[in-house]
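Below is one structure; the comments refer to it alone.
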Amino acid sequence: WLVLAIVASGLFLICVDLTVLYVALPALSRDLAATNSERLWILNAYPIVVAGLLPGLGTLGDRHGHRLLFSCGLVAFGLASLLAAYATSPAMLIAGRAGLGIGAAMMMPATLAIIRTTFVEAHERDFAIGLWAGMASAGMALGPLIAGLLLERYWWGSVFLINVPVVLVALALTLWLVPRRAAPGGAPWDLVGSAQILVGLTALVFAIKELARQDFAPWRALLALALGAAFGWAYLRRQRARPQPLLDLTLFRLPDFTGAFAAACLGTAGMVGMELALSQYLQLVEQRSALGAALVVLPAAVAGLIAGPLAGRMMRRVRPARLASLAFALAAACAVALALLPGAGLAWPLARLLLIGGIGLGIGASVTFASSTIMNAAPPGRGGMAASIEEVGFEFGNALGVAVFGSVMTLAYSLAIAPADAAAALPVVVRDSLDEALRVADGLANAEADALRVAARSAFASALQATLLGVAALWLVTAVVIRRKR
């Protein structure tokens, strides 16, 4: 259990960094003068790098030991945190986020693989993975709260700097308490394959983001999509030809395994999309402080922390796929209700908190289902490989959530504010984002400024509603897919 606590601390850092910037985004965008495209890359650099490196690094852990890889990942994560904290330009911050991705890609497969080798009894392992999943859900949901607490007193770089002392303590405890086990000697690291999937995922996310650009160019989107498909095909072809592939693709023939991967990917995509839109709405429309915005989404963290181990216990009594399907249906229903609340729930604060908690409960249970199903299907000695498959799903879901729902949010906002923009002959930049519209309003006369602020905030409220309905539709489809994969 001490080993679980140590690896869970590393996982907590990784998951916090997935969402911590949602609250800090307005402040760092202002200080670094980041464009809308740069903001999306600041968010996306981390999950894209993680997803691209996970297959190779998971296998590296199987070959050389997960304790060693986890320790190296902590060091890389700490150094990258320092770079990101003191970034002086968007490019430097993007580089720091990419460095965080390298450290996270080393740690993530190791956390589950260490749990698998530590807990040999199946019922204990399911409960431990449930606690691990609860920590993951709580980390994602607590990211905005941690950022809010720090931004009340410190500058935005503090959301990265806080990682450093946790890394130092976790590293010392890992070297002291986590046992050194002989590595089973897995497949050799495939550098070419890791580079192929990294390029493929990057190109795919770029193609998705291109759809939401004001200066949308079909040739750019098609070129990026073709590049992503080509590298993805080359990666899969290379893996099939290798005697020891990075990923055992035959596992996807198992229905529950495929459903678990879908749960990891699409559950994360929806959660990230919801938090991205809601955190900005709370700050820029309701004009809450960073801490006040984070407190609104706190029920999701609490519910996720409870749902993880609870689902781990229930999986012995209820068929896992049925449990996951019901969990996604609950999360979808809560997202629809949240979207339809008057004023996005401002007039119904208790109902909003309960619905956000319901979403956290559903997604927290689905994470346990995904993790337990994938790890229990892994062959002996390939725990790192199995964990990397699951976490590719999580990280790709994160990048997809930012890209797709960031695009949905931008498009819905742009369409909603267009009539006001045209009527007042305002600069076209007000259609890019609510931040840009509020900056333009600061330079206008009082009456015009007030009118623009009202129109922009109303447009973003419509964008939040569209995003929540999109998230609900995604989760409902996921529930049906998992149900049919039984």
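The values are calculated or read from the model by the stated rules, or taken from the named source; none is laboratory data. The structure presented is a predicted model; accordingly, all values stated were derived computationally and were not measured. Cβ atoms come from the backbone with ideal geometry, glycine included; neighbour counts cover every protein chain shown. Side chains included, ligands, DNA and RNA excluded: accessible areas come from the protein's heavy atoms. Shrake-Rupley method; radii C 1.70, N 1.55, O 1.52, S 1.80 Å.
Quick one: Ala34 ticks every box in (1) open to solvent by less than 10 Å² (accessible area, probe 1.4 Å); (2) in a helix (DSSP H, G or I) bar one, so which box is it?
Here Ala34 meets the rest and fails (2).
Of everything in the stretch 401-440, what is open to solvent by less than 20 Å² (accessible area, probe 1.4 Å), among the acidic types (Asp, Glu) and either modelled with pLDDT of 80 or more or under 16 Å from Gln280 (Cα atoms) (or both)? Give them in sequence order.
none
Looking at the stretch 245-327, what helices (runs of 4 or more DSSP H) fall wholly within it and have at least 1 residues that are more than 30 Å from Trp348 (Cβ to Cβ), in contact (Cβ under 8 Å) with a residue 24 or more places away in the chain and touching a Phe, Trp or Tyr at 6+ places or on another chain (Cβ under 8 Å)?
It comes to 255-284, 298-314.
To keep it simple, each residue is scored yes or no on (1) open to solvent by 10 Å² or more (accessible area, probe 1.4 Å); (2) modelled with pLDDT under 90; (3) over 15 Å from Cys15 (Cα atoms); (4) in a helix (DSSP H, G or I).
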position: Thr88; (1), (2), (3), (4): yes, yes, yes, no
position: Ile94; (1), (2), (3), (4): yes, no, yes, yes
position: Ala110; (1), (2), (3), (4): no, yes, no, yes
position: Thr117; (1), (2), (3), (4): yes, yes, yes, yes
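What is the one condition in (1) at pLDDT 85 or above; (2) open to solvent by 10 Å² or more (accessible area, probe 1.4 Å); (3) of a type in the set (A, V, I, L, M) that Leu131 does not satisfy?
(1)
Assess whether Ala241 counts as being among the small types (Gly, Ala, Ser) and at pLDDT 85 or above.
no
Residues in the stretch 119-144 that are outside any helix (DSSP H, G or I) and either of a type outside the set (Phe, Trp, Tyr) or under 18 Å from Leu18 (Cα atoms) (or both): how many?
Of the residues in that region, 2 qualify.
Would you check which residues across the stretch 296-320 are more than 19 Å from the chain's Cα centre (by Cα) and open to solvent by 50 Å² or more (accessible area, probe 1.4 Å) and list them?
Answer for the stretch 296-320, where residues must be more than 19 Å from the chain's Cα centre (by Cα) and open to solvent by 50 Å² or more (accessible area, probe 1.4 Å): Ile306, Leu310, Arg313, Met314, Arg316, Arg317, Arg319.
Among the residues of the stretch 9-31, which ones are open to solvent by less than 10 Å² (accessible area, probe 1.4 Å) and small (Gly, Ala, Ser)?
Selection gives Gly10, Ala24, Ser29.
All but one of (1) at pLDDT 85 or above; (2) touching a Phe, Trp or Tyr at 6+ places or on another chain (Cβ under 8 Å) hold for Ala226, so report the exception by its number.
(2)
Please go through (1) modelled with pLDDT under 80; (2) within 21 Å of Leu74 (Cα to Cα) for Trp176 and return the number of the only condition it doesn't satisfy.
Evaluating Trp176 over (1) modelled with pLDDT under 80; (2) within 21 Å of Leu74 (Cα to Cα) leaves (1) as the failure.
Of the residues in the stretch 225-244, how many are in contact (Cβ under 8 Å) with a residue 12 or more places away in the chain and among the basic types (Lys, Arg)?
2
Can you pull out every residue in the stretch 324-360 that is at pLDDT 80 or above and either open to solvent by 20 Å² or more (accessible area, probe 1.4 Å) or out of contact with any helix residue (DSSP H, G or I) (no Cβ under 6 Å at 6 or more places or on another chain) (or both)?
Leu326, Ala329, Leu330, Ala333, Val336, Ala337, Leu340, Leu350, Ala351, Leu353, Leu354, Leu355
In the list Leu68, Leu32, which residue meets the criterion of being modelled with pLDDT of 75 or more, closer than 16 Å to Phe160 by Cβ and not basic (Lys, Arg)?
Selected residue: Leu32, the only one of Leu68, Leu32 that is modelled with pLDDT of 75 or more, closer than 16 Å to Phe160 by Cβ and not basic (Lys, Arg).
Could you check, for the stretch 200-216, whether at least one of its residues is open to solvent by less than 50 Å² (accessible area, probe 1.4 Å) and either modelled with pLDDT of 85 or more or over 24 Å from the mean Cα position of the chain (by Cα) (or both)?
No: the stretch 200-216 contains no residue that is open to solvent by less than 50 Å² (accessible area, probe 1.4 Å) and either modelled with pLDDT of 85 or more or over 24 Å from the mean Cα position of the chain (by Cα) (or both).
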